[in-house]
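Taking it in order: structure first as structure tokens, then the write-up.
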Amino acid sequence: MAILTGIIAGFADVIFSATKAWVVPDEQLFIAWRIFNSVPFEDFIWFFSFALFAITFYEFFIEKDRIRGISKNSKWFFILALGTIFIVTLLVFLGWFEKIKYSYLVICSIYMIPPVVYLLFRNTNFIKKFFYISIPLFLINLLHELVALKVGQWVFPGEYIGTFVFFGFSFPFEEFFFYLFLGSITAVAYYEIFFDDMK
């Protein structure tokens, strides 16, 4: 699941990078290779690691039941991954991705809000589980964000609906909401819907 998440998020990152939702400067790259001349290859590794960490944390500290095997719903996640690759590749070759305004808000709203809302409506027990996972991972992600901004790991030159200033660092509302707050929750929501038992 974490590998597929890395692929899905990495291909969505093609749009983010092209529309400058965020930019990773060349001098910050360990592997100087960009996919579609836009997304650092390292972003795929980071998205994979982010999802793996969130799911592992969730399974070890919060999830109480243990199941054997993978849900039959997992095939739909493969389809989501293939669909994302196809759509992003099509947008790149047609040059349409440049027309997306507020790409961070639009793309993340499409990919991140529906699975969380669906799971909460399906089983209200996830309110408590999401609360327990959101606090420690929010703090870890916030620390990561502040360090990354301090060393210039990434910058935010795109269009946003608002800006947060925290300890003298400024970053978009979308970064606060979708990465710091909703990112780990979304990884767990996809995991529960497509690979676990939604209980």
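Assorted remarks:
- Residue-level check: of (1) modelled with pLDDT under 95; (2) among the polar types (S, T, N, Q); (3) closer than 30 Å to M198 by Cα, T89 misses just (3).
- Test: residue in the range 164-186 that is on the phi > 0 side of the Ramachandran plot and either of a type in the set (V, I, T) or out of contact with any Asp or Glu (no Cβ under 6 Å at 6 or more places or on another chain) (or both): yes
- Top-ranked residue of the range 23-42 - restricted to ones that are surrounded by fewer than 22 Cβ atoms within 10 Å (Cβ to Cβ) and closer than 25 Å to T163 by Cα, ranked as modelled with the lowest pLDDT: S38
- Residue satisfying all of: in the range 75-87; among the aromatic types (F, W, Y) and in contact (Cβ under 8 Å) with a residue 40 or more places away in the chain; surrounded by the most Cβ atoms within 10 Å (Cβ to Cβ) among these: F77
- Which numbered condition I193 misses (of (1) in contact with a Gly (Cβ under 9 Å, 6 or more places away or on another chain); (2) under 20 Å from F48 (Cβ atoms)): (1)
- Hits in the range 43-59 (condition: farther than 25 Å from V151 by Cα, surrounded by 15 or more Cβ atoms within 10 Å (Cβ to Cβ) and not aliphatic (A, V, I, L, M)): F57, Y58
- The number of residues in the range 70-92 that are outside any helix (DSSP H, G or I) and under 14 Å from Y191 (Cβ atoms) comes to 3.
- Residues that are without any contact (Cβ under 8 Å) to a residue 12 or more places away in the chain and either surrounded by fewer than 14 Cβ atoms within 10 Å (Cβ to Cβ) or of a type in the set (S, T, Y) (or both) number at least 1 in the following helices (runs of 4 or more DSSP H) confined to the range 93-199: 103-122, 125-151.
- Test: residue in the range 16-25 that is in a helix (DSSP H, G or I), among the aliphatic types (A, V, I, L, M) and within 16 Å of Y179 (Cβ to Cβ): no
- In the range 60-74, the qualifying residues are those that are surrounded by 11 or more Cβ atoms within 10 Å (Cβ to Cβ) and of a type outside the set (S, T, Y), and the one that is modelled with the lowest pLDDT is I67.
- Of the listed requirements (1) under 14 Å from the mean Cα position of the chain (by Cα); (2) modelled with pLDDT under 95, N125 misses just one: (1).
- All positions within the range 15-65 that are touching a residue at least 24 places away in the same chain (Cβ under 8 Å), within 18 Å of D196 (Cα to Cα) and of a type outside the set (A, V, I, L, M, F, W, C): Y58, E63, D65
The values are calculated or read from the model by the stated rules, or taken from the named source; none is laboratory data. Computed from a predicted model, the values in this text were never measured in an experiment. Here Cβ is always computed from backbone atoms with ideal geometry, including for glycine, and neighbour counts include all displayed protein chains.
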